[in-house]
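Right, one structure below, let's go through it.
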């Protein structure tokens, strides 16, 4: 079965909006053993839309259109589908009732423009949209089944999963079985190095797929075994390739739970050990504290984050000696160590980390260029330090610094010296 996607909207062509719908649609189809043959992005010009729809109808069995179902004049998907099919737009009373009820719940009158959304191509089937004002459309034109969905990502995903996937699976005779799926989330290798470590596994046998997704600064791998395609037992293949991936990626894997975040996995380790954590942040400005408190239940292990941006704050709140600041400067190993030890002491925590650096775009010197970051982690018995030399935007430097500190904490908690310290140049114990 050939399935194509048509993404509509000028905002997709001029860069105002990223087409995440294509990614989500492709992933949902692949999960069910299906796939997209082609994605076409087109603006709102009616003539271009009509030509595109007709072209896709000549080669595809299913065309999934996103966008163009809103209330404004440049929302033209329904009208173009009607023109392609040679029918009129007609009022669907049941959707008009839904719109009246929707705006009634909001306690505001429905605008005239919204009434347009109750007019669909004559003879088409209406697809329910539980979250918005645009009904989906299903109709066969020239031997191709068109599904038109809103461009709003949340609405598109919900309607795709609830309505479109079941219909498409029925069209295939229900012969396609969802794959067995397993997820590995990694940090510290980068996508190219992770790929290199798995190179000996390729070519993969039919029915086995390993997908990579870079989510700065993490790399996620998804192993899929397709029951209808693989030769042999699914569980056997799943166990074999999970073992192979673990052996090759090792301590770079921070979780094998698809729903667990980097910070969530670290929180789990802290709870298992019964340790509390404190942070002293300078160039990251509280980013680590924010990341930690995004996780539910972080109050069980997270005690405090002290944002000491100025030298005076480092001295007065953390007890960093003025002599260290004068001799080495705020961005230095001695000050990073003193900040971590001070945060641990002030917060009465079992472990504390510090981050101090030059995030840019200004402030660098030949000795300490932009991207120079010092991280230290203090426990009751030792203080460890490492230095980062990062490049890129201010935001990138701050994010990588935050992850680097948390990864160093992970390394200490697991006592695994193979845990990669991202872009670490040097590390020493006190």
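Here are a few things to note about the model shown:
- Condition check for residue 336: modelled with pLDDT of 95 or more, in the same structural domain as residue 286 (by TED's automatic domain parsing), assigned to a helix (DSSP H, G or I) and buried (at least 19 other Cβ atoms within 10 Å of the Cβ): yes
Results for (1) touching a residue at least 24 places away in the same chain (Cβ under 8 Å); (2) assigned by TED's automatic domain parsing to the domain that holds residue 274; (3) surrounded by fewer than 19 Cβ atoms within 10 Å (Cβ to Cβ), shown as yes or no for each residue.
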{"residue": "326", "(1), (2), (3)": "no, yes, yes"}
{"residue": "359", "(1), (2), (3)": "yes, yes, no"}
{"residue": "381", "(1), (2), (3)": "no, yes, yes"}
{"residue": "396", "(1), (2), (3)": "yes, yes, yes"}
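- Residue that is touching a strand residue (DSSP E or B) at 6+ places or on another chain (Cβ under 9 Å), touching a residue at least 40 places away in the same chain (Cβ under 8 Å), surrounded by 13 or more Cβ atoms within 10 Å (Cβ to Cβ) and assigned by TED's automatic domain parsing to the domain that holds residue 9, where the choices are 63, 79: 63
- No other residue among 348, 413, 423, 406 is at positive phi and either modelled with pLDDT of 95 or more or outside the structural domain of residue 313 (by TED's automatic domain parsing) (or both) apart from 348.
- Taking the listed residues 246, 271, the one that is out of contact with any helix residue (DSSP H, G or I) (no Cβ under 8 Å at 6 or more places or on another chain) and either modelled with pLDDT of 95 or more or under 27 Å from residue 395 (Cα atoms) (or both) is 246, with no other qualifying.
- Residue within segment 100-111 that is more than 15 Å from residue 77 (Cα to Cα), in contact (Cβ under 8 Å) with a residue 60 or more places away in the chain and surrounded by fewer than 19 Cβ atoms within 10 Å (Cβ to Cβ) present: no
- Subset of segment 295-333 that is assigned to a strand (DSSP E or B) and in contact with a helix residue (DSSP H, G or I) (Cβ under 7 Å, 6 or more places away or on another chain) - its residue that is nearest to residue 268 (Cα to Cα): 302
- Whether a residue is within 28 Å of the chain's Cα centre (by Cα), without any contact (Cβ under 8 Å) to a residue 60 or more places away in the chain and buried (at least 18 other Cβ atoms within 10 Å of the Cβ) was assessed, and residue 406 does not pass this test.
- So residue 68, is it surrounded by 24 or more Cβ atoms within 10 Å (Cβ to Cβ), in the same structural domain as residue 134 (by TED's automatic domain parsing), closer than 18 Å to residue 22 by Cβ and at pLDDT 95 or above: yes
- Residue ID - surrounded by the most Cβ atoms within 10 Å (Cβ to Cβ), chosen from residues in segment 266-287 that are without any contact (Cβ under 8 Å) to a residue 40 or more places away in the chain and under 24 Å from the mean Cα position of the chain (by Cα): 267
- Residue ranges of helices (runs of 4 or more DSSP H) in segment 138-217 with at least 2 members closer than 27 Å to residue 252 by Cα, in the same structural domain as residue 245 (by TED's automatic domain parsing) and in contact with a helix residue (DSSP H, G or I) (Cβ under 7 Å, 6 or more places away or on another chain): 191-197
- Residue 87 meets each of the listed conditions (1) in contact (Cβ under 8 Å) with a residue 12 or more places away in the chain; (2) touching a strand residue (DSSP E or B) at 6+ places or on another chain (Cβ under 8 Å); (3) surrounded by fewer than 17 Cβ atoms within 10 Å (Cβ to Cβ); (4) not in a loop (DSSP other than H, G, I, E, B) apart from (4).
- Residues that are free of Cβ contacts under 8 Å to residues at least 24 places away in the same chain, surrounded by fewer than 16 Cβ atoms within 10 Å (Cβ to Cβ) and in a helix (DSSP H, G or I), drawn from segment 12-45: 23, 27
The values are calculated or read from the model by the stated rules, or taken from the named source; none is laboratory data. Given the structure is predicted, the values throughout are model-derived calculations rather than measurements. Every residue, glycine as well, gets a Cβ built from its backbone with ideal geometry; the counts of neighbours run over all protein chains shown.
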